[in-house]
Amino acid sequence: MRRPLIAGNWKLNKTINEAEELTTALVAELADVTETDILIAPVFTALSRVAALVDNSPIQLAAQNCYPQETGAFTGELSPLMLKDAGCSAIIIGHSERRQLMGETNQLINLKVQTTLNAGMQVILCVGETLEERDNEEMLEVLSAQIKGGLADLSAEQMQNLVVAYEPVWAIGTGKTASDEQAQEAHSFIRGLIQGLFNPEVAEACRILYGGSVKPDNVDGLMAQTDIDGALVGGASLKADDFCRIVKFERIER
Ligand code: PGA
(Lines give C-alpha, C1' and ligand atoms only; values in the text may rest on other atoms or scores of the structure.)
Protein backbone atom coordinates (compact mmCIF):
# COMPACT_ATOMS: atom_id res chain seq x y z
CA MET A 1 0.00 0.00 0.00
CA ARG A 2 1.29 3.42 -0.92
CA ARG A 3 0.85 6.08 1.75
CA PRO A 4 -1.00 9.16 0.44
CA LEU A 5 0.97 12.41 0.16
CA ILE A 6 -0.61 15.85 -0.16
CA ALA A 7 1.87 18.61 -1.02
CA GLY A 8 1.23 22.36 -1.15
CA ASN A 9 3.28 24.35 -3.66
CA TRP A 10 3.02 27.98 -2.59
CA LYS A 11 4.93 29.24 -5.66
CA LEU A 12 5.83 32.96 -5.59
CA ASN A 13 3.38 33.86 -2.82
CA LYS A 14 3.42 35.06 0.78
CA THR A 15 5.77 37.23 2.79
CA ILE A 16 7.42 35.70 5.87
CA ASN A 17 4.63 36.99 8.13
CA GLU A 18 1.91 35.69 5.83
CA ALA A 19 3.68 32.32 5.57
CA GLU A 20 3.83 32.10 9.37
CA GLU A 21 0.14 32.92 9.63
CA LEU A 22 -0.88 30.21 7.14
CA THR A 23 1.47 27.66 8.71
CA THR A 24 0.11 28.33 12.20
CA ALA A 25 -3.42 27.63 10.92
CA LEU A 26 -2.29 24.41 9.18
CA VAL A 27 -0.40 23.13 12.23
CA ALA A 28 -3.51 23.66 14.41
CA GLU A 29 -5.86 21.98 11.96
CA LEU A 30 -3.67 19.08 10.83
CA ALA A 31 -2.03 18.08 14.13
CA ASP A 32 -3.98 14.83 14.33
CA VAL A 33 -3.45 13.60 10.75
CA THR A 34 -1.68 10.23 10.83
CA GLU A 35 -2.62 8.42 7.62
CA THR A 36 -1.41 10.95 5.07
CA ASP A 37 1.98 12.57 4.55
CA ILE A 38 1.82 16.37 4.32
CA LEU A 39 4.36 18.70 2.71
CA ILE A 40 4.34 22.46 2.20
CA ALA A 41 6.73 24.38 -0.06
CA PRO A 42 6.99 28.09 0.84
CA VAL A 43 9.36 30.59 -0.81
CA PHE A 44 13.04 30.32 0.22
CA THR A 45 12.99 33.39 2.48
CA ALA A 46 10.23 31.92 4.67
CA LEU A 47 11.72 28.43 5.00
CA SER A 48 13.57 28.62 8.29
CA ARG A 49 10.76 30.47 10.09
CA VAL A 50 8.19 27.99 8.78
CA ALA A 51 10.52 25.12 9.75
CA ALA A 52 10.39 26.26 13.39
CA LEU A 53 6.58 26.24 13.29
CA VAL A 54 6.14 22.78 11.75
CA ASP A 55 8.65 21.13 14.07
CA ASN A 56 6.79 18.40 16.04
CA SER A 57 3.83 18.51 13.64
CA PRO A 58 2.99 16.03 10.86
CA ILE A 59 3.84 18.74 8.28
CA GLN A 60 7.13 18.44 6.42
CA LEU A 61 8.91 21.20 4.57
CA ALA A 62 9.92 21.25 0.89
CA ALA A 63 11.75 23.74 -1.31
CA GLN A 64 10.49 24.65 -4.79
CA ASN A 65 13.82 24.40 -6.60
CA CYS A 66 17.57 23.91 -6.09
CA TYR A 67 20.88 24.13 -7.93
CA PRO A 68 22.68 20.87 -8.77
CA GLN A 69 25.92 21.61 -6.89
CA GLU A 70 26.75 21.40 -3.18
CA THR A 71 28.75 24.65 -2.89
CA GLY A 72 30.83 26.92 -5.09
CA ALA A 73 30.82 29.94 -7.37
CA PHE A 74 27.14 29.86 -8.39
CA THR A 75 25.84 33.32 -7.55
CA GLY A 76 22.22 33.47 -6.55
CA GLU A 77 21.67 29.73 -6.25
CA LEU A 78 20.86 27.36 -3.36
CA SER A 79 22.04 23.77 -2.95
CA PRO A 80 20.04 20.84 -1.56
CA LEU A 81 22.35 20.77 1.48
CA MET A 82 21.56 24.41 2.25
CA LEU A 83 17.85 23.76 1.90
CA LYS A 84 18.22 20.79 4.22
CA ASP A 85 20.04 23.08 6.64
CA ALA A 86 17.03 25.46 6.48
CA GLY A 87 14.73 22.59 7.51
CA CYS A 88 13.61 21.02 4.21
CA SER A 89 13.32 17.28 3.78
CA ALA A 90 12.19 17.43 0.14
CA ILE A 91 12.61 19.46 -3.05
CA ILE A 92 10.15 19.94 -5.93
CA ILE A 93 12.12 19.52 -9.17
CA GLY A 94 11.19 20.15 -12.80
CA HIS A 95 7.93 22.00 -12.23
CA SER A 96 6.39 22.98 -15.58
CA GLU A 97 6.74 26.67 -14.71
CA ARG A 98 10.50 26.15 -14.42
CA ARG A 99 10.61 24.09 -17.60
CA GLN A 100 8.67 26.77 -19.50
CA LEU A 101 9.82 30.05 -17.92
CA MET A 102 13.40 29.16 -16.98
CA GLY A 103 14.11 26.76 -19.85
CA GLU A 104 14.92 23.77 -17.63
CA THR A 105 15.75 20.67 -19.65
CA ASN A 106 15.35 17.01 -18.71
CA GLN A 107 19.15 16.84 -18.43
CA LEU A 108 19.40 19.70 -15.93
CA ILE A 109 16.42 18.29 -14.03
CA ASN A 110 18.18 14.92 -13.79
CA LEU A 111 21.27 16.60 -12.29
CA LYS A 112 19.06 18.32 -9.70
CA VAL A 113 17.34 15.00 -8.92
CA GLN A 114 20.70 13.30 -8.37
CA THR A 115 22.15 16.09 -6.21
CA THR A 116 19.01 16.14 -4.06
CA LEU A 117 18.95 12.37 -3.55
CA ASN A 118 22.67 12.42 -2.74
CA ALA A 119 21.92 14.98 -0.02
CA GLY A 120 19.58 12.40 1.54
CA MET A 121 16.45 14.35 0.64
CA GLN A 122 13.21 13.38 -1.05
CA VAL A 123 12.52 14.46 -4.64
CA ILE A 124 9.15 15.39 -6.11
CA LEU A 125 9.79 15.15 -9.86
CA CYS A 126 7.16 16.98 -11.93
CA VAL A 127 6.17 15.91 -15.43
CA GLY A 128 3.27 16.80 -17.69
CA GLU A 129 2.25 17.67 -21.24
CA THR A 130 1.04 21.02 -22.64
CA LEU A 131 -2.35 21.35 -24.32
CA GLU A 132 -0.66 21.57 -27.72
CA GLU A 133 1.23 18.34 -27.06
CA ARG A 134 -1.97 16.59 -25.95
CA ASP A 135 -3.87 17.85 -29.01
CA ASN A 136 -1.04 16.68 -31.29
CA GLU A 137 -1.17 13.24 -29.63
CA GLU A 138 2.38 13.68 -28.36
CA MET A 139 1.46 13.23 -24.71
CA LEU A 140 2.88 9.73 -24.24
CA GLU A 141 6.09 10.65 -26.02
CA VAL A 142 6.56 13.79 -23.89
CA LEU A 143 5.85 11.96 -20.62
CA SER A 144 8.18 9.18 -21.64
CA ALA A 145 11.04 11.63 -22.39
CA GLN A 146 10.47 13.48 -19.10
CA ILE A 147 10.40 10.30 -17.02
CA LYS A 148 13.35 8.64 -18.77
CA GLY A 149 15.37 11.88 -18.74
CA GLY A 150 14.51 12.81 -15.17
CA LEU A 151 15.22 9.34 -13.76
CA ALA A 152 18.36 8.63 -15.82
CA ASP A 153 21.14 6.81 -13.94
CA LEU A 154 19.15 6.37 -10.71
CA SER A 155 19.26 3.09 -8.79
CA ALA A 156 16.22 1.15 -7.59
CA GLU A 157 17.28 2.06 -4.05
CA GLN A 158 17.34 5.80 -4.84
CA MET A 159 13.79 5.50 -6.21
CA GLN A 160 12.57 4.89 -2.64
CA ASN A 161 13.11 8.60 -2.02
CA LEU A 162 11.45 9.84 -5.18
CA VAL A 163 7.84 10.82 -5.82
CA VAL A 164 6.53 11.69 -9.30
CA ALA A 165 3.94 14.44 -9.80
CA TYR A 166 1.90 14.29 -13.01
CA GLU A 167 0.76 17.83 -13.76
CA PRO A 168 -0.84 18.42 -17.17
CA VAL A 169 0.24 21.98 -17.97
CA TRP A 170 -3.23 22.88 -19.31
CA ALA A 171 -4.75 22.11 -15.90
CA ILE A 172 -2.34 24.20 -13.80
CA GLY A 173 -3.92 27.35 -12.39
CA THR A 174 -6.64 27.24 -15.05
CA GLY A 175 -9.47 25.74 -13.04
CA LYS A 176 -9.55 22.91 -15.62
CA THR A 177 -8.79 19.61 -13.93
CA ALA A 178 -8.04 16.46 -15.83
CA SER A 179 -11.00 14.11 -15.41
CA ASP A 180 -10.48 11.25 -12.98
CA GLU A 181 -10.14 8.94 -16.01
CA GLN A 182 -7.65 11.17 -17.88
CA ALA A 183 -5.50 11.43 -14.76
CA GLN A 184 -5.68 7.70 -14.05
CA GLU A 185 -4.68 6.90 -17.64
CA ALA A 186 -1.58 9.12 -17.43
CA HIS A 187 -0.64 7.78 -13.98
CA SER A 188 -0.94 4.19 -15.12
CA PHE A 189 1.23 4.99 -18.17
CA ILE A 190 3.88 6.59 -15.92
CA ARG A 191 3.87 3.60 -13.56
CA GLY A 192 4.42 1.36 -16.59
CA LEU A 193 7.40 3.49 -17.65
CA ILE A 194 8.92 3.17 -14.17
CA GLN A 195 8.42 -0.58 -14.29
CA GLY A 196 10.25 -0.70 -17.62
CA LEU A 197 13.16 1.38 -16.30
CA PHE A 198 13.47 -0.49 -12.98
CA ASN A 199 11.25 -3.40 -11.95
CA PRO A 200 7.67 -4.15 -10.83
CA GLU A 201 8.50 -3.64 -7.12
CA VAL A 202 9.90 -0.13 -7.70
CA ALA A 203 6.89 0.77 -9.88
CA GLU A 204 4.42 -0.57 -7.32
CA ALA A 205 6.06 1.35 -4.45
CA CYS A 206 6.53 4.70 -6.25
CA ARG A 207 3.99 7.35 -5.32
CA ILE A 208 2.55 9.35 -8.22
CA LEU A 209 0.76 12.60 -7.31
CA TYR A 210 -1.73 14.43 -9.52
CA GLY A 211 -1.45 18.21 -9.84
CA GLY A 212 -3.46 20.84 -11.72
CA SER A 213 -6.38 22.71 -10.13
CA VAL A 214 -6.88 20.20 -7.31
CA LYS A 215 -9.62 21.60 -5.07
CA PRO A 216 -11.74 20.39 -2.13
CA ASP A 217 -14.52 19.46 -4.56
CA ASN A 218 -12.49 17.27 -6.92
CA VAL A 219 -9.88 15.67 -4.65
CA ASP A 220 -12.03 12.74 -3.49
CA GLY A 221 -12.70 11.46 -7.02
CA LEU A 222 -9.06 11.83 -8.03
CA MET A 223 -7.80 10.05 -4.90
CA ALA A 224 -10.15 7.14 -5.58
CA GLN A 225 -8.19 6.25 -8.74
CA THR A 226 -5.95 3.20 -8.46
CA ASP A 227 -2.73 4.91 -9.52
CA ILE A 228 -3.24 8.33 -7.90
CA ASP A 229 -1.39 8.44 -4.59
CA GLY A 230 -1.72 12.08 -3.65
CA ALA A 231 -1.84 15.64 -4.93
CA LEU A 232 0.46 18.56 -5.63
CA VAL A 233 -1.70 21.59 -4.90
CA GLY A 234 -0.97 25.16 -6.00
CA GLY A 235 -3.74 27.77 -5.65
CA ALA A 236 -5.81 25.86 -3.11
CA SER A 237 -2.77 25.35 -0.85
CA LEU A 238 -2.72 29.09 -0.09
CA LYS A 239 -6.02 28.90 1.81
CA ALA A 240 -5.90 26.99 5.09
CA ASP A 241 -9.48 25.68 4.89
CA ASP A 242 -9.13 24.41 1.33
CA PHE A 243 -5.74 22.78 1.89
CA CYS A 244 -6.89 21.08 5.11
CA ARG A 245 -9.98 19.69 3.37
CA ILE A 246 -7.73 18.33 0.60
CA VAL A 247 -5.40 16.71 3.15
CA LYS A 248 -8.47 15.17 4.82
CA PHE A 249 -9.86 13.86 1.52
CA GLU A 250 -12.65 11.34 1.75
CA ARG A 251 -11.46 7.80 1.20
CA ILE A 252 -13.77 6.18 -1.31
CA GLU A 253 -13.38 2.39 -1.52
CA ARG A 254 -11.47 1.41 -4.63
P1 PGA B 1 -2.69 24.67 -9.22
O2 PGA B 1 -1.11 24.42 -9.31
O3 PGA B 1 -3.22 23.77 -8.14
O4 PGA B 1 -2.84 26.13 -8.88
O5 PGA B 1 -3.26 24.34 -10.56
C6 PGA B 1 -0.57 23.15 -9.21
C7 PGA B 1 0.93 23.20 -9.40
O8 PGA B 1 1.40 23.95 -10.27
O9 PGA B 1 1.70 22.51 -8.69
Please state which one of 56, 118 is open to solvent by 70 Å² or more (accessible area, probe 1.4 Å), under 22 Å from residue 22 (Cα atoms) and over 18 Å from the mean Cα position of the chain (by Cα). 56
If you scan the stretch 203-232, which residues turn out to be under 21 Å from residue 174 (Cβ atoms) and part of a helix (DSSP H, G or I)? 219, 220, 221, 222, 223
Quick check on residue 196: is it small (Gly, Ala, Ser), under 20 Å from residue 234 (Cβ atoms) and open to solvent by 50 Å² or more (accessible area, probe 1.4 Å)? no
Restricting to the stretch 1-25, count the residues that are within 16 Å of the ligand (Cβ to nearest atom) and surrounded by 14 or more Cβ atoms within 10 Å (Cβ to Cβ). 10
Looking only at the stretch 243-252, decide whether some residue is among the acidic types (Asp, Glu), free of Cβ contacts under 8 Å to residues at least 12 places away in the same chain and open to solvent by 40 Å² or more (accessible area, probe 1.4 Å). no
Pick from the stretch 100-111 the residues that are open to solvent by less than 60 Å² (accessible area, probe 1.4 Å) and free of Cβ contacts under 8 Å to residues at least 24 places away in the same chain: which of them is farthest from the ligand (Cβ to nearest atom)? 103
May I ask you to verify whether residue 50 is at pLDDT 95 or above, surrounded by 15 or more Cβ atoms within 10 Å (Cβ to Cβ), in contact with a Gly (Cβ under 9 Å, 6 or more places away or on another chain) and in a helix (DSSP H, G or I)? yes
Lone qualifier among 61, 47 - being hydrophobic (A, V, I, L, M, F, W, C) and touching a residue at least 40 places away in the same chain (Cβ under 8 Å): 47
Counted residues, the stretch 199-220 - those being open to solvent by 20 Å² or more (accessible area, probe 1.4 Å) and either within 26 Å of residue 29 (Cβ to Cβ) or near the ligand (Cβ under 10 Å from one of its atoms) (or both): 6
Would you be able to tell me the number of residues in the stretch 26-62 that are in contact with a Pro (Cβ under 9 Å, 6 or more places away or on another chain) and of a type in the set (Asp, Glu)? 3
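The values are calculated or read from the model by the stated rules, or taken from the named source; none is laboratory data. Owing to the predicted nature of the structure, the values given are computational and were not obtained by experimental measurement. Cβ atoms come from the backbone with ideal geometry, glycine included; neighbour counts cover every protein chain shown. Ligands, DNA and RNA are excluded from the accessible area calculation, which covers all protein heavy atoms including side chains. Shrake-Rupley method; radii C 1.70, N 1.55, O 1.52, S 1.80 Å.
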